[in-house]
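Reading through the structure tokens given below for one structure.
The values are calculated or read from the model by the stated rules, or taken from the named source; none is laboratory data. Quantities reported herein were computed from a predicted structural model and do not represent experimental measurements. FYI the Cβ positions are ideal-geometry reconstructions off the backbone, even for glycines, and counts take in every protein chain you see. The area values use the complete protein model at the heavy-atom level, side chains included, leaving out ligands, DNA and RNA. Shrake-Rupley method; radii C 1.70, N 1.55, O 1.52, S 1.80 Å.
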Amino acid sequence: MAAFNTEKKPAAREAVREKRRIVVKIGSSSLQHAQTGDLDYIRLEKLVRELCDIRNQGKDVILVTSGAIAAGRKAVGIREITGESPERQMAVKQACAAVGQARLMMIYQKLFAEYNQVAAQILMTKNTIVDDLNRFNAHNTFSQLLEMGVIPIVNENDTVATYEIEIGDNDTLSAIVAALVDADLLVLLSDIDGLYTDDPRQNPDAAFIPQVDELTEELLAMGKGSTGSNVGTGGMNTKLQAARIATGSGVDMVIANSKDIGILHRILDGREEGTLFVSHREEGFDLPGFVNRLHRQ
């Protein structure tokens with residue numbers, strides 16, 4: 001039997017309603033106006049309102065957000081990051097991240113404060129996970145913040161991250177966070193409705209896949225590495241890699257379209273939105289080992 005099909009399975013969706021610890025990831029293209037690159041404040045406000053409402057239901061919620069480098073580029077007037085050498089390009093990228101991360105967090109803090117919700121910033125690199133002490137401390141920090149009712153806002157530490165210590169994309173980062181904090185559900189909000197049998201932009205006969213019960217090699221090969229956006233760093237390949245981490249660590253995952261931020265509460269209500277990846281916890285799942293292999297794949 002195929003690991004996926006186009007039939008609805010209400011039982012698995014009903015189970016989503018009982019999830020208590022939720023990680024939500026939103027991509028760069030979902031946070032900006034495509035025409036200008038400026039932040040979409042209406043969408044940001046709706047996202048914060050949704051997250052605060054989830055928190056008010058007594059659930060733990062963590063946000064993994066992209067957008068720091070793009071926000072920094074816009075602030076300093078750089079359309080593309082180019083330079084005379086890779087080292088120069090890295091320096092410009094990290095400088096833009098430093099500017100953009102501060103701007104992004106200032107906006108998030110203001111929006112969360114409107115709903116009397118405390119938010120915190122956590123910046124991570126690969127070393128946060130592969131180093132045992134760093135991973136232990138990060139887990140404790142997340143746990144304490146959630147116990148205090150705080151919503152952690154997570155991003156990769158692009159100001160210091162280089163190829164050797166970067167995770168690379170926030171799809172993967174969000175799955176790592178979900179595994180680290182023993183989450184129940186990971187929701188990837190992107191610019192696509194979910195998983196299809198082929199690229200729907202290229203193939204009109206591509207069928208939507210509402211549920212994946214098992215990640216097979218056939219399915220993993222379907223990731224084409226494109227979301228139709230030149231703003232973010234992730235494509236379907238990274239989303240399927242995130243699904244490997246999440247489902248292997250016992251976390252259900254949903255890929256859904258961020259065009260309507262209200263899709264978040266519909267997912268948590270158990271409705272048929274996006275593609276649901278059903279978790280199958282792998283015995284002895286090794287998160288640090290998986291992260292160490294990221295650049296070798």
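Take the residues in region 145-167 that are assigned to a loop (DSSP other than H, G, I, E, B), at pLDDT 95 or above and hydrophobic (A, V, I, L, M, F, W, C); name whichever of them is least open to solvent (accessible area, probe 1.4 Å). Let's see the steps before the verdict.
Taking region 145-167 first, the residues assigned to a loop (DSSP other than H, G, I, E, B) are 148-150, 157-167.
Applying the additional criterion that residues be at pLDDT 95 or above yields 148-150.
From the residues that got through so far, the ones that are hydrophobic (A, V, I, L, M, F, W, C) too are 148, 150.
Working: M148: 126, V150: 12 Å².
Result: V150.
Only one residue in A102, A70, A75 is open to solvent by less than 70 Å² (accessible area, probe 1.4 Å), more than 21 Å from E50 (Cβ to Cβ) and over 21 Å from the mean Cα position of the chain (by Cα), so which one is that?
Values: A102 fails: over 21 Å from the mean Cα position of the chain (by Cα); A70 fails: over 21 Å from the mean Cα position of the chain (by Cα).
Result of the check over A102, A70, A75: A75.
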Filter result (surrounded by 16 or more Cβ atoms within 10 Å (Cβ to Cβ) and either modelled with pLDDT of 85 or more or more than 16 Å from the chain's Cα centre (by Cα) (or both)) within region 18-28 = K19, R21, I22, V23, V24, K25, I26, G27
Of the numbered conditions (1) open to solvent by less than 40 Å² (accessible area, probe 1.4 Å); (2) at pLDDT 80 or above, G223 fails exactly one; give the number of that condition.
-> (2)
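Being in a loop (DSSP other than H, G, I, E, B) and surrounded by fewer than 14 Cβ atoms within 10 Å (Cβ to Cβ) narrows it down to one residue among D199, D205, D193; which is it?
On the way: D199 fails: surrounded by fewer than 14 Cβ atoms within 10 Å (Cβ to Cβ); D193 fails: surrounded by fewer than 14 Cβ atoms within 10 Å (Cβ to Cβ).
Step by step, each of D199, D205, D193 is checked, and only D205 is in a loop (DSSP other than H, G, I, E, B) and surrounded by fewer than 14 Cβ atoms within 10 Å (Cβ to Cβ).
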Subset of region 80-115, residues over 12 Å from I69 (Cα atoms), among the β-branched types (V, I, T) and in a helix (DSSP H, G or I), comes to I107
Every residue from region 171-197 that is charged (D, E, K, R) and over 21 Å from E272 (Cβ atoms) | D171, D182
Inter-residue pairs, beta-carbon under 8 Å, first farther than 18 Å from S28 by Cα and open to solvent by 50 Å² or more (accessible area, probe 1.4 Å) and in region 257-270, second in a loop (DSSP other than H, G, I, E, B) and among the charged types (D, E, K, R), 6+ apart | D269/R17
Going by the structure shown, is E87 open to solvent by 70 Å² or more (accessible area, probe 1.4 Å), touching a residue at least 12 places away in the same chain (Cβ under 8 Å) and of a type in the set (D, E)?
-> no
Return the residue satisfying two criteria in turn: it lies in region 124-144 and is hydrophobic (A, V, I, L, M, F, W, C) and surrounded by fewer than 18 Cβ atoms within 10 Å (Cβ to Cβ), and of such residues it is nearest to N292 (Cα to Cα).
-> V130
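Taking I129 as the residue in question, decide whether it is within 18 Å of S66 (Cβ to Cβ) and in contact (Cβ under 8 Å) with a residue 12 or more places away in the chain. Can you show your working first?
Working: within 18 Å of S66 (Cβ to Cβ): no; in contact (Cβ under 8 Å) with a residue 12 or more places away in the chain: yes.
For I129, the condition - within 18 Å of S66 (Cβ to Cβ) and in contact (Cβ under 8 Å) with a residue 12 or more places away in the chain - is not met.
Which of the residues spanning region 264-278 are assigned to a helix (DSSP H, G or I) and either hydroxyl-bearing (S, T, Y) or under 15 Å from the mean Cα position of the chain (by Cα) (or both)? Reasoning before the result, please.
Our first condition is that a residue be assigned to a helix (DSSP H, G or I); within region 264-278, this holds for 264-268.
The one that is assigned to a helix (DSSP H, G or I) and either hydroxyl-bearing (S, T, Y) or under 15 Å from the mean Cα position of the chain (by Cα) (or both): L264.
Restricting region 2-17 to residues that are of a type in the set (A, V, I, L, M, F, W, C) and modelled with pLDDT of 85 or more, which is least open to solvent (accessible area, probe 1.4 Å)? Walk me through it before giving the result.
So the first thing to find is which residues in region 2-17 are of a type in the set (A, V, I, L, M, F, W, C), and the list is 2-4, 11-12, 15-16.
Adding the requirement that they be modelled with pLDDT of 85 or more leaves 11-12, 15-16.
Working: A11: 81, A12: 25, A15: 46, V16: 1 Å².
Taking the candidates together, the pick is V16.
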Is region 282-292 home to any residue that is surrounded by fewer than 16 Cβ atoms within 10 Å (Cβ to Cβ), more than 23 Å from D182 (Cα to Cα) and touching a residue at least 24 places away in the same chain (Cβ under 8 Å)?
-> no
For region 251-260, indicate whether the set of residues that are modelled with pLDDT under 95, of a type in the set (K, R), within 16 Å of the chain's Cα centre (by Cα) and not in a strand (DSSP E or B) is non-empty.
-> yes
